[in-house]
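First up is the structure itself, then whatever we jot down about it.
Read-outs throughout are calculated quantities, based only on the coordinates presented, and are distinct from any laboratory measurement. Only a predicted model underlies this, so the values are computations on that prediction, with no experimental measurement involved. Don't worry about glycine lacking a Cβ; one is built from the backbone with ideal geometry, like all the others, and counts go over all protein chains shown.
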Amino acid sequence: MPEIRVAERFQREYSELPENIQRKVDKVIRLLAGNVRHPSLQTKQVQGAPGVYKARVDQQYRMTYERLVGDILQLRVVGLHDKVLKEP
């Protein structure tokens, strides 16, 4: 099971999300911790950002994470789809 680290930006953006979306993000984090390739996450590498992946929270929201050496996932950004992919 990977170690999960949370970037300050992710924490800040997470705190600004509606409570129902926060619960969905929490579920995505649990799924990532168990299996980064879980089908419901629809994970894909972000184009133009080597080592950075996006995961689906719901139809509108996405989050990005980076896979680091030593089985570590660094949560980077969370928010609306287009905003997240502009600055993953």
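With the crude spin-label approximation of a point 7 Å out along Cα→Cβ, what separation in nm comes out for Arg5 versus His38?
About 2.2 nm separates the two model spin labels.
Can you give the helix-only mean residue ellipticity at 222 nm for the chain, where every DSSP H stretch with n ≥ 4 adds -39500 (n - 2.57) and the sum goes over all residues, rounded to the nearest 500 deg cm²/dmol? Don't skip to the answer; put the middle values down first.
Details: 3 runs with 30 residues, N = 88.
Here the helix-only value at 222 nm equals -10000 deg cm²/dmol.
Find how many whole Å separate the alpha carbon centroid of the stretch 32-88 from the alpha carbon centroid of the stretch 1-30.
What the calculation gives is 11 Å, centre to centre.
If you place +1 on the Cβ of every Lys and Arg, -1 on the Cβ of every Asp and Glu, and leave all else neutral, what size is the dipole of the stretch 3-86 about its Cα centre, to the nearest 20 Debye?
Numbers: 16 positive and 10 negative charges, 48 e Å.
That gives the stretch 3-86 a dipole magnitude of about 220 debye.
Label 7 Å along Cα→Cβ of Glu87; the stretch 41-69 residues with amide nitrogen under 15 Å?
64
Putting +1 on Lys and Arg Cβ atoms and -1 on Asp and Glu Cβ atoms, find which of Ala55, Pro39, Ile4 reaches farthest to the positive end of the dipole of the stretch 3-86.
Pro39
Given 10 Å bins starting at zero, what is the percent of C-alpha pairs of the chain in each, up to the one with the largest pair distance?
Per 10 Å bin, starting at zero, the Cα-Cα P(r) for the chain comes out as 18, 59, 23, 0 percent.
Quick one: what are the phi-derived ³J(HN,Hα) couplings along the stretch 77-82, Karplus 6.51/-1.76/1.60 with θ = phi - 60°, whole Hz, x for glycine and proline?
With the stated coefficients, the stretch 77-82 comes to 9, 9, x, 5, 3, 5 Hz.
Could you go through the stretch 61-71 in sequence order and give the Karplus-derived ³J(HN,Hα) for each residue, using 6.51 cos²θ - 1.76 cosθ + 1.60 with θ = phi - 60°, rounded to whole Hz, and x for Gly and Pro?
In residue order, the calculated couplings are 10, 9, 9, 10, 8, 10, 8, 9, 4, x, 6 Hz.
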